[in-house]
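What follows is a single structure, written as structure tokens, with notes after it.
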Amino acid sequence: METVIAITMPIFLVVALGFGTTRAGLFSVADMRIFGRFVILIALPALLFNAIAKRDVAEVFDAGFMGIYAVASLLVMVVGYFWFHRAQGMPLDRAGICIMGSACSNSGYMSFPILLLAYPDLAPKVLAMSLMVENLLMIPVALTLIAIGRGKGASVGAMIWGIARDLLRRPLILALIAGLAWSVLKLPIPEVFDRGLTMISTASVALALFVIGGSLAGIALRGNLALAGQIMLGKLVLHPVMGLLVLAIVAVIWGPVLSADLRACLLIACAVPMLGVYPIFAQEVGMEGLASLAMLGATAMSFFTLSLALALLM
């Protein structure tokens, strides 16, 4: 248990530091947006490029990991669709926001820092694979559901193309593509360039956690608490349970396809709170208050759920 606390406590202390300093007025919520832009536009892309470009493509991507993570996340979406849209009768656009919160993880800001402490050798590889699944599959599916629910006039194909075009403009995706090209072509990274990337990359972990805390300090506690609780339950409990279920089914049919450490990384990737920009997506349908409430609750409760998960895994 001491090992688990040694992993989770520093993570949430940095989150608490961001929350406390912002609440105290040393920083503002607007400052957190600037720090967050640095992390998502520069620091994390530099880290991702560095992690992929230096490795062989076969070392970076594991089809078993990505397939299991994708299936587990899609199953959460299916359950969310029937629970929020069919059972409760929510309009599809609003249900889509709830589904996104239940199925889309915060890999860059939460999963990676935890993995860096628990499984440092695998952390960059798992980050790359998780971001691939989330950005190229999970987020587009959720955004498509929301767009269909809003009744936009464009066809599903046109909506998917629009979403794909927007995703391909993201620095994280561009860094991933560039890293893959560098790896496939086996290009050397100049030493000066490498050192610069490493310096920028090291800023990403602590600053990302600090931004989470500072951003939470600006959240107004308003919204449907019961519905926020359902989203939290979906993200912190249902998602990792689906990961375990898919792992078990795969093991019965094909045998263990992942090492013990990769299985643990997969469950951590499923168990972290929802993506950091979740309230921004929710603004489109006027549900940013609910999304912020769910994210605040999930981040607070994840200290206990992630500690329990790590205790069982390690």
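Hey, any hits in the stretch 257-268 for a residue that's modelled with pLDDT of 90 or more, in contact with a Pro (Cβ under 6 Å, 6 or more places away or on another chain) and more than 21 Å from PRO279 (Cα to Cα)? Scanning the stretch 257-268, I find at least one residue that is modelled with pLDDT of 90 or more, in contact with a Pro (Cβ under 6 Å, 6 or more places away or on another chain) and more than 21 Å from PRO279 (Cα to Cα), so the answer is yes.
Applying the criterion of at least 1 residues that are surrounded by 16 or more Cβ atoms within 10 Å (Cβ to Cβ), on the phi < 0 side of the Ramachandran plot and modelled with pLDDT of 85 or more to the helices (runs of 4 or more DSSP H) found wholly in the stretch 1-77 leaves 2-23, 29-38, 44-53. Checking each residue in the stretch 266-276 for being in contact (Cβ under 8 Å) with a residue 60 or more places away in the chain and either of a type in the set (Ser, Thr, Tyr) or surrounded by fewer than 24 Cβ atoms within 10 Å (Cβ to Cβ) (or both) picks out only GLY276. With respect to the conditions (1) closer than 29 Å to ALA43 by Cβ; (2) in contact (Cβ under 8 Å) with a residue 60 or more places away in the chain; (3) surrounded by 13 or more Cβ atoms within 10 Å (Cβ to Cβ), ARG263 lacks only one, and its number is (2).
Residue-wise test of (1) more than 18 Å from CYS265 (Cα to Cα); (2) of a type in the set (A, V, I, L, M).
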| site | (1), (2) |
| --- | --- |
| PHE61 | no, no |
| VAL71 | no, yes |
| GLY89 | yes, no |
| LEU92 | yes, yes |
| GLY101 | yes, no |
| LEU127 | no, yes |
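Under the condition of being at pLDDT below 90 and under 24 Å from GLY218 (Cβ atoms), the residues counted in the stretch 301-314 number 0. When the stretch 151-184 is examined, which residues are found to be within 19 Å of the chain's Cα centre (by Cα) and at pLDDT 80 or above? Answer for the stretch 151-184, where residues must be within 19 Å of the chain's Cα centre (by Cα) and at pLDDT 80 or above: ARG169, ARG170, PRO171, LEU172, ILE173, LEU174, ALA175, LEU176, ILE177. Residues in the stretch 298-314 that are surrounded by fewer than 22 Cβ atoms within 10 Å (Cβ to Cβ) and assigned to a helix (DSSP H, G or I): 10 in all.
Within the stretch 273-282, is there a residue that is farther than 20 Å from PHE112 by Cα and aliphatic (A, V, I, L, M)? Yes, the stretch 273-282 contains at least one residue that is farther than 20 Å from PHE112 by Cα and aliphatic (A, V, I, L, M).
The values are calculated or read from the model by the stated rules, or taken from the named source; none is laboratory data. The model shown is predicted, which means the values in this text are computed figures rather than measured ones. A quick note on method: Cβ atoms are made from the backbone with ideal geometry, for glycine too, and the neighbour counts reach across all protein chains shown.
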